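The values are calculated or read from the model by the stated rules, or taken from the named source; none is laboratory data. Bear in mind the structure is a predicted one, so any value in this text is a computation, not a measurement. All Cβ positions, even for glycine, are placed from backbone atoms using ideal geometry, and neighbour counts span all protein chains on display.
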């Protein structure tokens, strides 16, 4: 029996079973895996809001902003790629790889507008923020200091304004900070000194000013710092010499004072050092010989003196060396031109002597030795050859001699030696016009502008056109040498505001010094017309490429006629024509127009090297009637008359020479004193002042009258005419001239020159249009001094006094520091006047045997009562002036309540009752309480009774600048506690009380003394001047040490 079993058919096949099995496994794995990381929702919302406000679009959907931002390129390594902009980068390792945070944000070079929105604060994990090269405005929010992980912060090339927030000092991880090319104001926050990890700091053209905070000494990891084109002041900090990792440093176009710190010799890793445009104190090059990693060394217009150190040849990596516009002397170091890597050498505008070196390296292509005193023969290497086809050599304004053997080598250079000898004895020219950087063209009014389009005009070159006019250039953009060989700017866009738009199609440009010359001109008055238009910057509104500033100085015949000239600012915009006219007198048959870059303006907009002079055309026309040759009869009559006149002149000349010899001794005594100053003729000054017209009278003092004058070149000056009736004629005049000419500082009135003819004595000073501080403070003119201006006036005055006391040689005590002796220039910068009448003293002198001189209310007690004179007497006067600046009132006012009549008494009363801020001038709409409290504390220290308790002026500067603590004032001066201000007893008998004001009010340009009033006490004979009378003691000429002078005449 067979049993059969019938099994049912299987529900699924084996293959299907396997598929189902693997699907289940995969589902189980998926269910057990973690979810994909998600971006923090608050950051997603913030990013969307930021991009909406900035009108930002994501390029080619490289990452997703609307849903999940941390995708695509946001998770890769493409953040810095040009095509990925704007871009973010995320870190998704948070919360066990479940959360992404945005750590990098870039919105760069997109010309976006707006402000930094508060939503940005939500991106707290940011390590990199790059929003440079846009048109963002507004202030920097304080919350930027909350990004504790921030390492790179780039805000450059925008239009941010306001102060730099101190909260940035909280970014302890910061490696790079870039705030270049903005519109900030105020000073650098000391808190930035907390950023000890900082390696890269870019501050150029940011707008901040003041002194570099002492806290920056902690930034010892610094590799690069650019700080050019800012109103930074004070001395270059010596602590920079401790930044031994520093590789690049730029300090150009600031207001720094010399000298360059010797500590810079420690910066042995430096590759690039650029320092220029220093003021007041000369520098030495001794520090450079150990900096053997330098590839470019630019120390230009920095008052460097002495010879070029021979050790400079040890800098074998040097490619560019620029020491132009200094006071270097001596000869060229023998192997200077054989340095193997050197390509460009700029030594123009110094006082170098000797001859050219016999050999040079083939690599050395650009050599500028113009405006020196070189002479001798020419070595073989100056002759053009195939090996030196690109050699640029500028030898303009030296003492080389030319003959038939060398004239053909240097075409026209003989006309450009010192004295500009061409056409001196031939028919002179009376006009010319130049199309700068372009081809010949004729204007619609038929003026022929001759071509100046030499392609060879480069870094160190010149060009002479038919011995009629010439051009000379010196300077190089070392950051883009190969891309800018022509030194010509061209534009295809029509320039506005002109009938001659074609004139502006091309312009000659220079990154340094550009000179044009008129040769063989007939002497007389001329009008110079300079044609400008800014054609390099972008004209499209709201673009970062249009935010550049081109700033340079204009010199005519060596006199600066305009400082900080900005083409687009003065023209009213980019691409707008501007014609500037200057009147000048030609006296030596030649004319020099000099456009000089003094380190100011943006460096890198739209490209590296877009700075320096730019000019489209020049026209020079005579201001006199041209002579006619048609009247031969007149010529014959003239010859006969001439013979007669010559006979009479010979007779007169003999009498004149006899008289002149008797006056030589007197003249020589004046001309031999101190450093050389410009000499004016009496006729020249009489013409400038319209024969000393009363309409030009500025003031009258003990030395005579002061007049406003306009010189033949158009410059405005103040002319002090020493009165013949003055008691103190010649000796005090000589003392004043010798002193002032040796002492120069930004905050001291500048002496331009002098005149001595017979008994006539005159001095010429700079003209200061805003008059004196007392007139501005006490409502005698229409100036309104806001708080920041007052604080800066106080600080500037302190700097001027510190220079007189501690840095000037000879050291000087002013003796009459008061508000009427502090003058204000066009930018309300303070300048101390009358220091030339002060006592001179050396380190061992503290007492003066002369009579006391000063002004009641400003006199220090020890000086007024005992004649004991030290620099602390000036400190006392400064303290009184400081209180006047704070309060806006003079040191005494009769019409006030008794408790407020005397400023010192009132200030101390308020201070003792903790009401010191009530001292502040009520006319001020706002003021900085911290600065005001600091000023009050400093002022009360300065007016202490004992001179030993008063600070030195250098410490005053440190206290005002927050670089030093203010010593607490605990003792009220004894002269206030001892005096009874309610005592009405007349201790001067029947005499009238002496006013605290000068007998004769000083004007802004008055630098003479005012009338002296003498009062006699029954026990003491003391001469007290109500002005600034100064009875000078004998001065030894050996004491007058020249401290160097600013080379204003280019």
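Quick look at the values:
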item	result
Any hit, the stretch 465-475, residues being assigned to a loop (DSSP other than H, G, I, E, B), under 28 Å from residue 388 (Cβ atoms), at pLDDT below 90 and in contact with a strand residue (DSSP E or B) (Cβ under 6 Å, 6 or more places away or on another chain)	no
Per-region count, the stretch 393-408, residues assigned to a loop (DSSP other than H, G, I, E, B) and touching a helix residue (DSSP H, G or I) at 6+ places or on another chain (Cβ under 7 Å)	5
Selected residue [farther than 18 Å from residue 472 by Cβ, touching a residue at least 12 places away in the same chain (Cβ under 8 Å), surrounded by fewer than 16 Cβ atoms within 10 Å (Cβ to Cβ) and touching a strand residue (DSSP E or B) at 6+ places or on another chain (Cβ under 7 Å)] from 506, 529, 535	529
Selected residue (only one of 233, 205, 149 is in a strand (DSSP E or B) and in contact with a strand residue (DSSP E or B) (Cβ under 9 Å, 6 or more places away or on another chain))	233
Set 254, 301, 349: member being farther than 29 Å from residue 222 by Cβ, under 25 Å from the mean Cα position of the chain (by Cα) and at pLDDT 95 or above	349
Residues located in the stretch 217-231, provided they are farther than 17 Å from residue 270 by Cα and surrounded by fewer than 22 Cβ atoms within 10 Å (Cβ to Cβ)	217, 218, 231
Flag if residue 342 is in a loop (DSSP other than H, G, I, E, B), surrounded by fewer than 23 Cβ atoms within 10 Å (Cβ to Cβ) and in contact with a strand residue (DSSP E or B) (Cβ under 8 Å, 6 or more places away or on another chain)	no
Qualifying positions in the stretch 910-965 - in a helix (DSSP H, G or I) and farther than 23 Å from residue 777 by Cβ	912, 947, 948, 949, 954, 955, 958
Failed item in (1) modelled with pLDDT under 90; (2) touching a helix residue (DSSP H, G or I) at 6+ places or on another chain (Cβ under 6 Å), with residue 68 passing the rest	(2)
Some residue of the stretch 149-162 being closer than 22 Å to residue 962 by Cβ, in contact with a helix residue (DSSP H, G or I) (Cβ under 6 Å, 6 or more places away or on another chain) and not assigned by TED's automatic domain parsing to the domain that holds residue 610	no
Index of the failed condition, residue 184 passing every other in (1) part of a strand (DSSP E or B); (2) in contact with a helix residue (DSSP H, G or I) (Cβ under 8 Å, 6 or more places away or on another chain)	(2)
Filter result for residue 167 (part of a loop (DSSP other than H, G, I, E, B) and surrounded by fewer than 18 Cβ atoms within 10 Å (Cβ to Cβ))	no
Residues of the stretch 249-282 satisfying the condition of being over 22 Å from residue 350 (Cα atoms) and assigned to a loop (DSSP other than H, G, I, E, B)	267, 268, 269, 270, 271
Spans of helices (runs of 4 or more DSSP H) in the stretch 727-828 with at least 2 residues in contact with a strand residue (DSSP E or B) (Cβ under 9 Å, 6 or more places away or on another chain) and modelled with pLDDT of 80 or more	773-777, 787-802
Residue count for the stretch 283-313, restricted to those that are part of a helix (DSSP H, G or I) and surrounded by fewer than 22 Cβ atoms within 10 Å (Cβ to Cβ)	8
Residue check, residue 416 touching a strand residue (DSSP E or B) at 6+ places or on another chain (Cβ under 7 Å), at pLDDT 80 or above, outside the structural domain of residue 587 (by TED's automatic domain parsing) and surrounded by fewer than 16 Cβ atoms within 10 Å (Cβ to Cβ)	no
Pick from the stretch 419-431, criterion over 34 Å from the mean Cα position of the chain (by Cα) and at pLDDT 80 or above, ranking: nearest to residue 369 (Cα to Cα)	421
Residue that is modelled with pLDDT under 95, farther than 30 Å from residue 189 by Cβ, surrounded by fewer than 18 Cβ atoms within 10 Å (Cβ to Cβ) and under 41 Å from the mean Cα position of the chain (by Cα), where the choices are 95, 55	55
Qualifying positions in the stretch 432-464 - within 20 Å of residue 586 (Cα to Cα) and at pLDDT below 95	464
